[in-house]
Amino acid sequence: MSHDHHGPAKGLKRWLFTTNHKDIGTLYLILSLVMFFVAGTMALVIRVELFEPSKVLVSPQFFNQMTTMHGLIMVFGVVMPAMAGLANWLIPLMIGAPDMALPRLNNWSFWLLPFAFSLLASTLFMQGGGPDFGWTFYAPLSTTYGPKSTDFFIFSVHMMGISSILAALNIVVTIFNMRAPEMTWSKLPIFVWSWLVTAFLLLGVMPVLAGCVTMMLMDRHFHTSFFNAAGGGDPVLFQHIFWFFGHPEVYILILPGFGVISEIIPTFSRKKLFGFHAMVYATVAIAFLAFIVWMHHMFTTGAPLGAQLFFMYSTMLVAVPTGVKIFNWVATMYRGSITLETPMLFAIGFLIFFTIGGFSGLMLAIVPADYQYRGSYFVVAHFHYVLIAGSLFSIMAAVYYWLPKWSGKMYSECLGKWHFWLTMIGMNVTFFPLHFVGLAGMPRRIPDYALQFTDFNQLATIGAFIFGFSQLLFLYNVMVTAMRKGQDNLPDKVWDGAHGLEWTIPSAAPYHTFETPPHVE
Amino acid sequence: MSLPPMNMPRGVTPISHDIYNLHMITLYICCAIGVAVFAVLFYTLIKHRRSQGAKAASFHGNTLVEIIWTTIPILILVALAIPATIVLSRIHNTDKSKLNIKITGYQWKWGYEYLDQGIKFLSNLSTPQAQIDGVEKKDLHFLQEVDHPMVVPINQKIRLLVTSDDVIHDWWVPELGLKQDAIPGYINENWIYVTKPGTYRGQCGELCGAQHGFMPIVVKAVTADQFKQWVKAHQPKKQGASV
Ligand code: HEM
Ligand SMILES: [Cu+2]
Ligand SMILES: [Cu+2]
């Protein structure tokens, strides 16, 4: 067969109109990287303001805009697009498909995002300022008291939501219909399994988020009172709807990461994943539990005893499948033949610090104690441990792991290691002390604080700068590798312990792959 | 130099003691599990390295160990859930309280109303703006001081009714072991029983707008006699008309 007319188009058009899963994957990853520095800069503004009690740099109003934007962009602009980028690049390669099932839709799913985020960012320059009610945007602070720009925020969330739903749909259809003939469910790579489960979570909850912001819009402009007590509505209803979306959302951020780690640890341990089936069941169990524990974010709202007990027990249960995963990863490494390349370092970092985040999560499940933790810096420390060590570390591990396959070139291992160690030190210096200030009684989302919290906050700010600036090493390393001319003559199987179809094609991966279905071992 | 506070205060109410104990038990259990898991992990990382000549084994499953490490965590969780359930049902029991105080959150101050005594006042941040702007030296209780603290008697069960007039606030005083959302349209019930006289400080615990960081809570716990005097001094004078 001759497919010589099939090379990529030239110039800007290639990227605007592309339907190629590899191009779209790259676009997602670039967007995510850009957004990472935007949201990271906002985090540094927050940390500078918190270097000392009393005003350092910004007004309380602007401080709230920064925390809101930082959270929103990290969640919707960094982690979700990065995971979507990995899905686009890897799912077709891993299941032996020539492309995603719905390539033109795929182009749409991506291109909605830059517009959504431009709109969101533009709110910072609007009269009255940007959203300042936290990424949780609780009513009535966001509805009755929100700035004018709240409507743009709502529209932007709608766009992100549509993008995610379309992308999830595409992923489900691809995995169901495009597998190579011999790719049975029990041979399906664990990363693909994780994304399949994640996609169902997305399909389940993004419409709920859309409904939530639509109700906000109605309350703001069309005289409804869904969330307004004075009009017969219920502000707690908002929280139920939000967290019915929001809790599964945090698993959407982490499950694909679980998949990544489950690919990387076996490779560098030169051993098969321990308990493949248990891993898949655990993922499904976590996803199921994710749907029934949303109220654990609302223990202080005054729910009846019975409800609190139910949500306490179900939340504690999540520790079981999560524990199984941790044990399985350790068992995979046990009696392996381990080497510590950069992707493996990030995977081990993930394992250790995600476990610590899991412990604080278990503590938060104990309702009476949660009364003391929630809304404090203890929670901030908890979710940064799971999000940075969980989602972010797995994304970085993935980029280092597959970059040689994507680009045909090897990144600088030395820079990669520096990046890892500085990132790890920075993250711990930032967030470990925040457990302490939280326990001692410092609420989150405050621009100034009482004197006894000063020392640990200063430490955290120093850590944040170490963390932030070491990401420039990542940027430099990846950019230089990707833009450098020529090829490194890498073998198909870049890592000697790697398994899977993506390692049977040349590195760099050609623009078109698997136009005839491959043979699965 | 002494270390700044690093842990949850043990507090001054029976519930805060219960919570503190639950917190410490859970923490210790987590530490124990952590030590076990990380010990195996680091052992593997040191011993089973290719640079140490390690050859990879070929096992990739073992039903027995998988059953064990599913069951043991479940047992630990059950052991934790029991005391947590007991404490939680104690928290929900507001019976037999002697004094009723209604707490209302406003943007950005707290209102206190002693329902049986007819006392009503607002409690505002009393830290001067100059200290917040950083042009004046800060007091010891910077941002945790108010003009009119809430005054309560010790050794009495006091029922708190928490609500809000605008957005959601949250009444949080760590040493009383109490955090309760103040939600417009809702009246949330909770209770305290302070065992030690003293001044206890907290803050609004739910983002409520620009001045969210500036609505502290100060509770002064006094003896029953002192409380009686405080009530007398603050009760509104009866209007003469009734004679
Ligand atoms: C350099 C690394 C980071 C630093 C220094 C940092 C710092 C902060 C700080 C200081 C806050 C404000 C906490 C508060 O006042 O409540 C915050 C909030 C938050 N961060 Fe980060 N963060 C970092 C990375 C991340 C990442 C990677 C994610 C997610 C993937 C993330 C997600 C969030 C979320 C969801 C919030 C809550 C926002 C809100 O309160 O509405 N952060 N972060
Ligand atoms: Cu408030
Ligand atoms: Cu507040």
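The values are calculated or read from the model by the stated rules, or taken from the named source; none is laboratory data. Not measured: the values here are computed from a predicted model. With ideal geometry, Cβ positions are generated from the backbone for all residues, glycine too; neighbour counts draw on all protein chains shown.
A few remarks follow.
- Counting only helices (runs of 4 or more DSSP H) wholly contained in region A:331-393, no element carries 3 or more residues that are under 26 Å from A:G77 (Cβ atoms), within 16 Å of ligand 1 (Cβ to nearest atom) and in contact with a strand residue (DSSP E or B) (Cβ under 6 Å, 6 or more places away or on another chain).
- Restricting attention to region A:277-301, the residues that are within 7 Å of another protein chain (Cβ to nearest Cβ) and more than 24 Å from B:I82 (Cβ to Cβ) total 2.
- Given (1) farther than 19 Å from A:F353 by Cα; (2) crowded, with 24+ Cβ neighbours inside 10 Å, number of the condition A:S407 does not satisfy: (2)
Condition check ((1) modelled with pLDDT under 95; (2) within 16 Å of ligand 2 (Cβ to nearest atom); (3) buried (at least 24 other Cβ atoms within 10 Å of the Cβ)) across all residues:
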{"site": "A:L415", "(1), (2), (3)": "no, no, no"}
{"site": "A:R444", "(1), (2), (3)": "no, yes, no"}
{"site": "A:P447", "(1), (2), (3)": "no, yes, yes"}
{"site": "A:L459", "(1), (2), (3)": "no, no, no"}
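Condition check ((1) more than 16 Å from ligand 1 (Cβ to nearest atom); (2) out of contact with any helix residue (DSSP H, G or I) (no Cβ under 6 Å at 6 or more places or on another chain); (3) within 24 Å of A:W243 (Cα to Cα)) across all residues:
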| residue | (1), (2), (3) |
| --- | --- |
| A:L112 | yes, no, no |
| A:L120 | no, no, yes |
| A:D132 | no, no, yes |
| A:T136 | no, yes, yes |
| A:M159 | yes, no, yes |
| A:S163 | yes, no, yes |
| A:W195 | yes, no, yes |
| A:M215 | yes, yes, yes |
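- Only one of the numbered conditions (1) touching an Asp or Glu at 6+ places or on another chain (Cβ under 8 Å); (2) buried (at least 20 other Cβ atoms within 10 Å of the Cβ); (3) under 26 Å from A:L119 (Cβ atoms) is not met by A:M83, and that is (1).
- Hey, A:I252 within 14 Å of chain B (Cβ to nearest Cβ) and either at pLDDT 95 or above or surrounded by fewer than 21 Cβ atoms within 10 Å (Cβ to Cβ) (or both) or not: no
- Consider region A:460-485 and keep the residues that are more than 14 Å from every other protein chain (Cβ to nearest Cβ) and either basic (K, R) or in contact with a Lys or Arg (Cβ under 8 Å, 6 or more places away or on another chain) (or both). The one that is nearest to ligand 1 (Cβ to nearest atom) is A:A464.
- Just one of the listed residues (B:S2, B:S89) is within 21 Å of A:L317 (Cα to Cα) and either surrounded by fewer than 15 Cβ atoms within 10 Å (Cβ to Cβ) or modelled with pLDDT of 95 or more (or both), namely B:S89.
- For A:S118, the conditions (1) free of Cβ contacts under 8 Å to residues at least 60 places away in the same chain; (2) under 21 Å from A:L141 (Cβ atoms) are fulfilled apart from (2).
- Filtering region A:320-370 to residues that are in contact (Cβ under 8 Å) with a residue 40 or more places away in the chain, within 7 Å of another protein chain (Cβ to nearest Cβ) and over 20 Å from A:I264 (Cβ atoms) leaves A:L362, A:I366, A:V367.
- Verdict on B:K102 being crowded, with 16+ Cβ neighbours inside 10 Å and more than 10 Å from chain A (Cβ to nearest Cβ): yes
- All of B:A210, B:A182 fail the test of being within 14 Å of chain A (Cβ to nearest Cβ), within 16 Å of ligand 1 (Cβ to nearest atom) and among the hydrophobic types (A, V, I, L, M, F, W, C), apart from B:A210.
- Check on A:A97, more than 14 Å from chain B (Cβ to nearest Cβ), away from ligand 2 (no atom under 16 Å from the Cβ), surrounded by 23 or more Cβ atoms within 10 Å (Cβ to Cβ) and part of a helix (DSSP H, G or I): no
- Check on B:G198, more than 16 Å from ligand 3 (Cβ to nearest atom), within 7 Å of chain A (Cβ to nearest Cβ) and surrounded by fewer than 17 Cβ atoms within 10 Å (Cβ to Cβ): no
- Any hit, region A:34-50, residues being in contact with a Pro (Cβ under 6 Å, 6 or more places away or on another chain) and surrounded by 14 or more Cβ atoms within 10 Å (Cβ to Cβ): yes
- Matching residues in region A:177-192 - criterion: being surrounded by 21 or more Cβ atoms within 10 Å (Cβ to Cβ) and within 23 Å of A:I162 (Cα to Cα): A:V192
- The residues of region B:185-207 that are assigned to a loop (DSSP other than H, G, I, E, B) and within 16 Å of ligand 1 (Cβ to nearest atom), listed by number, are B:G205, B:E206, B:L207.
- The single residue among A:F76, A:F37, A:F63, A:F17 that is aromatic (F, W, Y) and within 16 Å of ligand 3 (Cβ to nearest atom) turns out to be A:F63.
- B:C31, sole failed condition from (1) surrounded by fewer than 18 Cβ atoms within 10 Å (Cβ to Cβ); (2) in contact (Cβ under 8 Å) with a residue 24 or more places away in the chain: (2)
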